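J.: The structure is given below, and queries will be raised subsequently.
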Amino acid sequence: MRLLLVEDNVPLADELTQSLQRQGYAVDWLADGRDAVYQGSSEPYDLIILDLGLPGLPGLEVLAQWRASGLATPVLILTARGSWAERIEGLKAGADDYLSKPFHPEELQLRIQSLLRRARGLANQPTLDAAGLQLDEGRQCVTRAGVDIQLTAAEFRLLRYFMLHPQQILSKSHLAEHLYDGETERDSNVLEVHVNHLRRKLGRSVIETRRGQGYRYAGSSE
Ligand code: CA
């Protein structure tokens, strides 16, 4: 999953970016509100984390412009501590959730997981369940019939994307756009390698190849 972080406090942005990357998210970071209006609408983000006090254009205005243009991406706003007025204005402008600064990194992690699942119409449970497999996002591990199967960081990122989009045909370019940040070179051969590793661990039929179209997560097997 690929996230946009809009935050002008550089030490906080650095810390958040590193923590989100450890959780397997591809993260693009911007500090300026005007840049955010443009990039948020032009790149296919799965979720946006938006600070409200921003140079260039206030976060509330950024959010209002996104929503006016029809952007439906989940947006979590970061508000000042105790500012109920900011939270209310943010929710009115179309935010899906908010966190007040300072916050615990784990709370942000759980809210992101919940928003991403809700956006896919999936229930927010301790594990992500899809077609016979359970993914524990905290441990970055997949379980089938109670047995843990260990994953590398890249396999976890890819499998999470598949499990959030079960039964959908996903092209390699679509997967690359959602698994890598804007700075990383996208190589579809690398994706193929990770798909093959996942099949070796989970069973061939878990991820089907649709010739000329891409991949489809079918789940179960073995
Ligand atoms: Ca700020």
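The values are calculated or read from the model by the stated rules, or taken from the named source; none is laboratory data. Just so you know, these numbers come straight off a predicted model, no measurement behind them. Cβ atoms come from the backbone with ideal geometry, glycine included; neighbour counts cover every protein chain shown. For accessibility, only protein heavy atoms count, side chains too; no ligands or nucleic acids. Shrake-Rupley method; radii C 1.70, N 1.55, O 1.52, S 1.80 Å.
J.: Place +1 on the Cβ of every Lys and Arg and -1 on the Cβ of every Asp and Glu in the chain, take the dipole about the Cα centre, and give the residue among 218, 12, 169 whose Cα lies farthest towards its positive end.
T.: Ranked along the dipole, the leading option is 218.
J.: Take the solvent-accessible surface of the protein heavy atoms, probe 1.4 Å, and return the percent of it on segment 89-177 that carbon and sulfur atoms account for.
T.: Details: 2100 of 4120 Å².
Percent of accessible area from carbon and sulfur atoms in segment 89-177: 51.
J.: Under 17 Å from the Cα of residue 201, which aspartates and glutamates turn up, not counting those fewer than eight places away in the same chain?
T.: Result set, ordered by chain and number: 136, 148, 155, 192, 222.
J.: Whole-Hz Karplus ³J(HN,Hα) for segment 82-88, in order, using 6.51 cos²θ - 1.76 cosθ + 1.60 and θ = phi - 60°, x for Gly and Pro?
T.: The phi angles translate into x, 8, 5, 4, 4, 5, 5 Hz.
J.: Using the Karplus curve 6.51 cos²θ - 1.76 cosθ + 1.60 with θ = phi - 60°, what ³J(HN,Hα) values do you get for each residue of segment 105-115, in whole Hz, with x for Gly and Pro?
T.: x, 5, 5, 4, 4, 5, 5, 5, 4, 5, 5
J.: Calculate how many DSSP beta bridges within the chain are antiparallel, expressed in % of all such bridges and rounded to the nearest 5. Present the calculation step by step, with values, prior to reporting the outcome.
T.: On the way: 16 of 33 bridges.
Close to 50 percent.
J.: Accessible area per residue of the chain at 1.4 Å probe, in Å²?
T.: Values: 10470 Å² over 222 residues.
Per-residue accessible area for the chain comes out at 47 Å².
J.: Suppose every K and R has +1 on its Cβ and every D and E has -1 on its Cβ; what is the size of the dipole of the chain about the Cα centre, in Debye to the nearest 20? Walk me through the numbers before you get to the answer.
T.: Details: 25 positive and 30 negative charges, 215 e Å.
Computed charge dipole of the chain: roughly 1040 debye.
J.: Rounded to whole Hz and in sequence order, give me ³J(HN,Hα) for segment 45-51 from the Karplus expression 6.51 cos²θ - 1.76 cosθ + 1.60, θ = phi - 60°, writing x for Gly and Pro.
T.: 6, 8, 6, 10, 10, 10, 6
J.: Can you classify segment 71-119 as rounded, prolate or oblate using the Cα gyration tensor, where a ≥ b ≥ c are the square roots of its eigenvalues, rounded means a/c under 1.5, and otherwise it's prolate if a/b beats b/c and oblate if not?
T.: Working: a/c = 3.03, a/b = 1.12, b/c = 2.70.
Oblate shape, in that a/c is at least 1.5 and b/c is the bigger or equal ratio.
J.: I want the local charge near residue 116. Using Cβ-Cβ distances under 14 Å, sum +1 for each Lys or Arg and -1 for each Asp or Glu among the other residues. The partial results should precede the final answer.
T.: Details: positive: 2, 111, 117, 118, 120, 157, 160; negative: 46, 96, 97, 137.
So the surrounding residues net to +3.
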